[in-house]
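Peer 1: Here's a structure for you.
The values are calculated or read from the model by the stated rules, or taken from the named source; none is laboratory data. Every value quoted in this text rests on a predicted model; they were computed, and no experiment measured them. Because the Cβ atoms are built from the backbone with ideal geometry, glycine has one as well, and the counts that use them run over all protein chains shown.
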Amino acid sequence: MATPLPLRTAPGMRERAPGVWELIVEGGSDPVTGKRRQVSRVFRGNLRDAKKARAELLVEVGKGRHTGTGATVDDLFDDWLVELRRKGRSPNTIRRYEQVYRHNVQARLGSRLVRTITTKMLTDLYGAHQDRGLAPRSVYQIHACLSSMFTQGCKWGWRDTNPAQWADPPAIPNTTPVVPDPEQVQRLMEAAKRSRRPEYARALFITATTGVRRAELCALRRRRDVDWKRGVMTVTWSILELPREPLREIPTKNRRARPVALDEATLAALREQVEFMEQRAAHAGVSLHEDAYLFSDAADGTVPWKPGAITRYFDRLRRRVGLEDVDFHHLRKFMETYGQNLGFSAVQVALRAGHDPSVAAKHYTGSVAKADRALASAVAALLLEPAQRAE
């Protein structure tokens with residue numbers, strides 16, 4: 001009986017059977033586990049063609065097309081959150097990402113390896129959520145979370161391409177922005193004045209004339225943030241409210257301090273609020289803190305309002321006056337929209353609201369411009385009675 005010829009070998013190649021070759025290329029170390037990694041491919045053909053195929057595989061590996069990793073999507077998500085915290089992302093933003101991932105992604109993709117995720121898998125995920133009735137905007141939030149995650153994974157070398165790049169979320173329908181008119185804002189303020197919490201009427205008025213966000217409103221202090229002589233409010237901080245955590249101050253959304261001019265009516269509302277808090281503290285037998293929060297339920301003014309409490313109060317208030325389609329956030333849009341309708345530039349209005357147009361911000365020195373002062377008076381005048389406007 002003839003002795004079978006030994007199967008041939010070559011560097012990075014093994015002949016598993018006659019004409020069947022295993023091509024092997026070193027792929028470096030796994031960035032997560034640190035283990036040695038190899039890329040292999042089965043090729044059928046003669047020795048010459050197998051060598052040519054291995055050379056092509058070497059080129060592919062050199063270009064990063066087989067980087068892969070032993071990490072799961074859960075691993076990527078957890079490490080990505082750590083990276084977001086390192087970069088200083090807002091805790092509220094991180095919390096929203098966590099909610100989106102835990103509720104809509106983890107059950108289906110969490111245990112899968114990062115390198116095995118395909119664009120088709122993500123497209124199927126979006127479709128499944130659409131079929132169960134999730135709104136297009138919510139599905140788009142899932143896409144935004146996954147896209148950012150896998151982009152970071154590519155930067156770390158866990159993948160060579162981002163599978164979310166070609167996954168198409170549903171189109172978000174265009175919606176007409178809700179902007180309350182002056183009469184509607186006045187109705188809300190009048191209803192607040194008649195309620196058990198009349199200080200909310202002042203909060204609504206100050207929000208409508210300055211365009212502050214609700215968390216920024218809650219963070220305002222009477223000495224640190226208000227220059228009573230110059231009539232300037234500096235918006236630098238906002239209140240962070242997270243479940244099972246104490247309230248704390250964090251920088252504003254764009255992490256910049258912005259000066260906001262105050263007209264006489266808005267200054268008067270702020271002074272009235274301070275007087276109200278001083279009277280309440282006296283009735284409680286305590287002293288109002290020297291730098292008390294302007295809106296606080298604590299007798300000494302040391303604990304700010306919760307942003308969520310403002311939303312809940314406003315929700316009850318708008319139902320009471322039949323304006324269910326108006327949100328507290330729309331008071332910012334009131335200032336922005338009517339400010340432009342009154343002839344002020346979009347840049348000036350955006351700066352007042354804290355939208356921070358990058359080009360215009362370079363020329364905004366931090367002093368209060370005359371245009372901002374005029375804008376403050378013009379917007380406030382919309383909410384005053386005729387007799388007050390004459391004054």
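Peer 1: Between Leu242, Leu267, which is over 27 Å from Glu336 (Cα atoms), outside any strand (DSSP E or B) and outside the structural domain of Thr93 (by TED's automatic domain parsing)?
Peer 2: Criteria check complete, one pass: Leu242.
Residue-wise test of (1) out of contact with any Cys (no Cβ under 6 Å at 6 or more places or on another chain); (2) basic (Lys, Arg); (3) over 20 Å from Ser377 (Cβ atoms).
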residue: Leu240; (1), (2), (3): yes, no, yes
residue: Pro246; (1), (2), (3): yes, no, yes
residue: Leu267; (1), (2), (3): yes, no, no
residue: Gln273; (1), (2), (3): yes, no, no
residue: Arg280; (1), (2), (3): yes, yes, yes
residue: Asp300; (1), (2), (3): yes, no, yes
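Peer 1: So, one more: Out of the residues in region 295-325 that are more than 22 Å from the chain's Cα centre (by Cα), outside any helix (DSSP H, G or I) and touching a residue at least 24 places away in the same chain (Cβ under 8 Å), which is farthest from Ala281 (Cα to Cα)?
Peer 2: Only one residue fits best here, namely Asp325.
Yes/no matrix, rows are residues, columns are (1) without any contact (Cβ under 8 Å) to a residue 60 or more places away in the chain; (2) of a type in the set (Gly, Ala, Ser):
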site	(1), (2)
Pro91	no, no
Arg96	yes, no
Gln106	yes, no
Gly110	yes, yes
Ile117	yes, no
Met121	yes, no
Gly127	yes, yes
Ser138	yes, yes
Gln141	yes, no
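Peer 1: Being of a type in the set (Gly, Ala, Ser), in contact (Cβ under 8 Å) with a residue 40 or more places away in the chain and part of a loop (DSSP other than H, G, I, E, B) is the filter; apply it to region 160-195 and report the residue that is nearest to Gly70 (Cα to Cα).
Peer 2: Only one residue fits best here, namely Ala167.
Peer 1: Is at least one residue of region 78-94 in a loop (DSSP other than H, G, I, E, B), out of contact with any Leu (no Cβ under 6 Å at 6 or more places or on another chain) and either aliphatic (A, V, I, L, M) or closer than 26 Å to Asp124 by Cα (or both)?
Peer 2: no
Peer 1: If Gly88 meets every condition in (1) small (Gly, Ala, Ser); (2) over 19 Å from Trp158 (Cα atoms); (3) at pLDDT 90 or above apart from one, which number is that one?
Peer 2: It is condition (3) that Gly88 fails.
Peer 1: Among the residues of region 130-141, is any of a type in the set (A, V, I, L, M, F, W, C), assigned to a helix (DSSP H, G or I) and under 18 Å from the mean Cα position of the chain (by Cα)?
Peer 2: So far as region 130-141 goes, yes, one or more of its residues are of a type in the set (A, V, I, L, M, F, W, C), assigned to a helix (DSSP H, G or I) and under 18 Å from the mean Cα position of the chain (by Cα).
Peer 1: Still on this structure: Would you say Gly19 is modelled with pLDDT of 80 or more and at positive phi?
Peer 2: Considered against the rule, which asks whether it is modelled with pLDDT of 80 or more and at positive phi, Gly19 comes out as yes.
Peer 1: Here's another thing I want to ask about it. Which of the residues spanning region 78-100 are surrounded by 12 or more Cβ atoms within 10 Å (Cβ to Cβ) and within 22 Å of Asn254 (Cβ to Cβ)?
Peer 2: Leu81, Glu83, Leu84, Arg89, Ser90, Pro91, Asn92, Ile94, Arg95, Arg96, Tyr97
Peer 1: Please work out which one of (1) surrounded by fewer than 20 Cβ atoms within 10 Å (Cβ to Cβ); (2) not in a strand (DSSP E or B) is the condition Ile250 fails and give its number.
Peer 2: The single condition Ile250 does not satisfy is (2).
Peer 1: For Thr234, all conditions in the list (1) part of a strand (DSSP E or B); (2) in contact with a Ser or Thr (Cβ under 9 Å, 6 or more places away or on another chain) hold save one; what is the number of the exception?
Peer 2: Going through (1) part of a strand (DSSP E or B); (2) in contact with a Ser or Thr (Cβ under 9 Å, 6 or more places away or on another chain) one by one, Thr234 breaks only (2).
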